[in-house]
Amino acid sequence: MTNNIDLKDSGIKLGIIGTNFISDTLMQAAKLTGLCVSAVFSRRRDTGEAFATKHGIENVFCDFEEFLNSDLINAVYVASPNFCHCPQTIAALEHGKHVLCEKPAASNLADFEKMRSLATEKNLVLLEAMRPAFDPALDVVRKQMKKCGKLRYAHFEYSQYSSRYDKFKNGEILNAFNPDFSNAAVMDIGVYPLNVCVSLFGAPDAVISRSVILENGFEGQGNVLLSYGDMTAEVTYSKITHAVLPSIIRGEEGEVHFGNALSKIDKMSFFSRRNGEEKIDFCAVENNMIYELSAFCDFVNRKRDNSEYLDCTAQTLAVIDEIRRQNGIVFPDDK
């Protein structure tokens, strides 16, 4: 897959909230597509200026109200900690800005529905920055699924040993392992395989889950069974172990393998029950955030409708709410 996306004339003037590594990745995607990023907001002037200098952004704001009132931007990318997603998105929508919000879109389904309702009321675009949902690789998976015959089983996995886990084990609890920030393994990386599952199969009939809870109440790992009538899907995610096995969709006539990290599907194979492995002509782009930026611009310019993606976000958050309920994962933001 090659990048032929040109967003220079999209009319979007994006402002970024947050200066962490995912914002760096978005800036790389913006440069690849020509999308205008005109401002960054950071609570700390030195952090904001360092980010702006690194990426060639002209305007730095440390006052949130001033940032949202600025005519320099007409859309914002929210990449702050999870518990900030809802209030910052609502504030941006109230100021007439379209919002691309990093995953998970909210701490819970109730907060997301508030965000979605306001976006509808204001006739503005709200979109969760869920990378695989907009990646053409997922359409390739859908095409390969048709060769599997009657589907019986699927396994989606995203297990990545966190670079911050060693510090946690040594007694230093960083934000990434702090549930007070609406953080959990299911929120950080579990949301990816769950969203892929819901994108492909819809909302499940039933959910059964078990989580590994660390000593500070942080969910480090989870396993989920999702019932789809005569098919079962299994989702495994972890921030405390690392997996190299692919995700699998298995039917009576064959199975498709893809993965490994489901934030970006970078490899794929199909195995026929009768004919063995069949080669798939597939090559992933280096930065698949270009696709969510392209979709966001299309939605803002009314070239496409985003309702199916909002429905998928809502259905995924409903599953996450149930996982959290079953395992006693509670965030301050739930109150």
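Data for the structure
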| quantity | calculated |
| --- | --- |
| Spin-label model distance (nm) - GLN28 vs TYR153, 7 Å beyond Cα toward Cβ | 3.6 |
| Cα lying deepest toward the dipole's positive end in region 107-174, options LEU118, LEU151, MET130, charges on Cβ | LEU151 |
| Length gained when the stretch ASP334-PHE201 is fully extended (0.36 nm per residue, less Cα-Cα span) | 45.1 nm |
| Using alpha-carbon coordinates, inclination of helix 191-201 to the longest axis of the chain, degrees | 60 |
| Between helix 21-33 and the chain: long-axis angle, C-alpha atoms, 0 to 90°, nearest 10 | 90 |
| Violating pairs (Cα-Cα greater than 21 angstrom) within the set LYS122/LYS264; LYS143/LYS264; LYS169/LYS335; LYS122/LYS303; LYS103/LYS169 | LYS122/LYS264; LYS169/LYS335; LYS103/LYS169 |
| Fraction of antiparallel bridges per DSSP, the chain only, in percent to nearest 5 | 55 |
| Expected 222 nm ellipticity per residue - DSSP helices of 4 or more, -39500 (n - 2.57), all of the chain, to 500 | -10500 deg cm²/dmol |
| Two-site FRET efficiency, ASP63 against GLU308, from Cβ-Cβ distance with R₀ of 25 Å, rounded to 0.05 | 0.10 |
| For region 286-335 and region 1-45, distance of Cα centres in Å | 19 |
| Share of pairwise Cα separations in region 285-335, more than 17 Å, in percent | 57 |
| Carbon plus sulfur fraction of accessible area for the chain, probe 1.4 Å, in percent | 48 |
| Solvent-accessible heavy-atom area per residue, rounded to whole Å², over the chain at 1.4 Å | 44 |
| Label point distance in nm, ASN301-LYS54, each placed 7 Å from Cα along Cα→Cβ | 2.9 |
| Radius 15 Å from Cβ of ALA176, net charge of other residues (Lys, Arg +1; Asp, Glu -1) | -1 |
| Using a Förster distance of 51 Å, the FRET efficiency for THR232-ARG45 (Cβ separation, nearest 0.05) | 0.45 |
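The values are calculated or read from the model by the stated rules, or taken from the named source; none is laboratory data. Here the structure is a predicted model, which is why all the values come from computation and not from measurement. Cβ sites come from the backbone with ideal geometry, for glycine too, and all protein chains shown count toward neighbours. When the accessible area is computed, the model is the full protein with side chains, heavy atoms only, and any ligands, DNA or RNA have been set aside. Shrake-Rupley method; radii C 1.70, N 1.55, O 1.52, S 1.80 Å.
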